[in-house]
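Below: the structure, in C-alpha cells.
The values are calculated or read from the model by the stated rules, or taken from the named source; none is laboratory data. In this text, all values refer to a predicted model and were calculated from it rather than measured experimentally. Reconstructed Cβ throughout: ideal geometry from the backbone, glycine too, with neighbour counts over all protein chains shown. For the accessible areas, the whole protein counts, side chains as well, though only heavy atoms, and no ligand, DNA or RNA atoms are used. Shrake-Rupley method; radii C 1.70, N 1.55, O 1.52, S 1.80 Å.
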Amino acid sequence: MKTRLFALGLWLMAFTSQASAHQQTPDSCLQSSDSSLQTPDSCLLTPDSCLLTPSLSDVFKQMPDSLMPYLSANNRLDFIDFMDSNMKAEVSNQTGGTSEMTALTDDSLSIRMSDALRVDMLLFDLDEPVDTIRQVIVFVETFLSDSIYGESVCKTFSLDWQPVTRDIPFNEAQRKRLEPLNLQNILKWSEDKLNNR
C-alpha cells in the first residue's frame, strides 16, 4: 500500500511540473531567443500583461531588405553594434560605397546613405489608434541636391512594416519633429521657383 501511494505521489509531482512548464507567463512571453522584436503573432497582439514595447533599433532589425536595398541585414546589425559601442557606425553598402549611421535613440535614427541620400526614421506612439495600430514608423528619405537643400519623401509603416495609407493623427509634439523635413521641401521649392523665373 505504501509503495502504491509513493508511486502515486511521484506521478502527481511529475504531472504538476509538466503542466507548469507549458503554462505561458508574461515573463516568458517577453523573452526572445535573440532579444529582437517579437512578431505581431506573438507578444505584440497578446493581452496587456504580455505587451512588448519595442525600440526603434528592434524594429530596424526586422526591416525588409526591399525597403533599404543599399544595406544588408548584417549592415543594419553592425550599425546598432557600432552605436552601442560608441564607435563610428560606418559600413560598406551594397553599391560599393559607404554608409554611416549618425544618430540612434529609442525612437529615432539617421543614416547618411550616400552624399546624395539621407534616411531618417521616427517611431511614434499614437494618441488615437488607427484601426488597431498604436505605433507607427515614419520613414523619411531625403534626396540632397547640395549641402543646404533636400527633398524629402515620407512614408508610414506599422511595426511589422506594412504600409499605412490612412491619415495619421500625429499630436503637436510629433508634428514639430516632422516640421524640419517639411521645411526642407518648402525651401527647395522656393529656390526652384526663383531659378525658373
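For the peptides 84-90, 155-161, 123-129, 134-140, residues were scored by their other Cβ atoms within 10 Å and the scores averaged per peptide; the highest-first order is 134-140, 155-161, 123-129, 84-90.
Hey, what's the stretch 90-131 come to in accessible area per residue, 1.4 Å probe, Å²? Show your work: numbers first, answer last.
Details: 2020 Å² over 42 residues.
Normalised by residue count, the accessible surface of the stretch 90-131 is 48 Å².
Of the solvent-accessible surface of the stretch 93-171, computed with a 1.4 Å probe over protein heavy atoms with every protein chain present, carbon and sulfur atoms account for 46 percent. So what is the diffusion coefficient of the stretch 70-113 in µm² per second by Stokes-Einstein at 25 °C and 0.890 mPa s, using a Kirkwood Rh over Cα pairs? My calculation gives 237 µm²/s for D.
At full extension, S145 and R175 could sit 8.3 nm farther apart than now, given 0.36 nm per residue minus the alpha carbon distance.
If the chain between V130 and D160 were fully stretched, how many nm would it gain, using 0.36 nm times the residue separation less the Cα-Cα distance?
On the way: separation 30, 0.36 × 30 = 10.80 nm, distance 1.47 nm.
Gain on extension, V130 to D160, equals 9.3 nm.
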